[in-house]
Amino acid sequence: MLGITDFWTYVLGVVAIILLPGPNSIFVLSVGAQRGVRAGYQAAAGVFLGDAVLMILSATGVASLLSAYPTLFLVLKYAGAAYLGWVGVNIIRSAWSRWRNRAEIAPVAAEEPPAELQRPFRRAAVISLLNPKAILFFVSFFIQFVEPGYAHPALSFLILGAVVQFFSALYLSALIFGGRYLAGQFQQRRRLATGATTAVGALFVGFGIKLATASVG
């Protein structure tokens, strides 16, 4: 069908992959919880843009350069790992700073969101793009479902990419609105909010460590 083989197997694989927690989804959840639905969708738009760029790179074969030039892979890998770790450490610092200063904050005053959750569109896009393992994954995953010799492979890649973005939009929307529910709980439980935010920061540090130890294969 339109140069795609095993379409429904691909759909099931995409759903399983999207449901796996990663820095993109955790970031969108955090933004939705602390800054609201509008900012959450700004972060989601950044994820969509980043994923679209990665898929275009994969479809055009540019991502294979990472396999051909290990030095390029190492530069991108450590840049991405450093960025994720930096985001995580600053989220933790912001959480504990707000906890220490909680007595100085008026109950009715609106808290300033952490710097790491401001400009959510740009930050989400950067988090998506600084992930060379994702580029390699898209290459190997897409190739499995594109029929060799099909006259219009761009159409096949377009459909496969649209499927990814569709399910990603559903999943991120659930996270955004789920984040608003969590925000209501956190407003009444500052210790819980501090612990949850610290856990999010620790996850980002963990994602950075995982990326730093990733191999091109």
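All of the numbers you see were taken from the coordinates with simple rules; none came from a lab. The model shown is predicted, which means the values in this text are computed figures rather than measured ones. All Cβ positions, glycine included, derive from the backbone under ideal geometry; neighbour counts span all protein chains shown.
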(request) Please turn the phi angles of the stretch 161-168 into ³J(HN,Hα) values with the Karplus equation 6.51 cos²θ - 1.76 cosθ + 1.60 (θ = phi - 60°), one per residue in order, whole Hz, x for glycine and proline. (result) x, 5, 4, 4, 5, 5, 5, 5
(request) Place the peptides 23-35, 2-14 in order of packing, highest mean first, counting for every residue the other Cβ atoms within 10 Å and averaging per peptide. (result) 23-35, 2-14
(message) Could you derive backbone 3J(HN,Hα) for the stretch 19-24 from the dihedral phi with the Karplus parameters 6.51, -1.76 and 1.60 (θ = phi - 60°), listing whole Hz in sequence and x where the residue is Gly or Pro?
(response) 6, 5, x, x, x, 4
(request) Could you run the Karplus curve 6.51 cos²θ - 1.76 cosθ + 1.60 with θ = phi - 60° over the stretch 33-48 and give me ³J(HN,Hα) per residue in whole Hz, x for Gly and Pro? (result) 6, 9, 10, x, 5, 4, 5, x, 6, 5, 5, 4, 4, x, 4, 4
(request) Scan around I4 for amide H atoms under 5 Å from its own, H built in the peptide plane at 1.01 Å from N, and keep only partners 5 or more places away or cross-chain. (result) E147
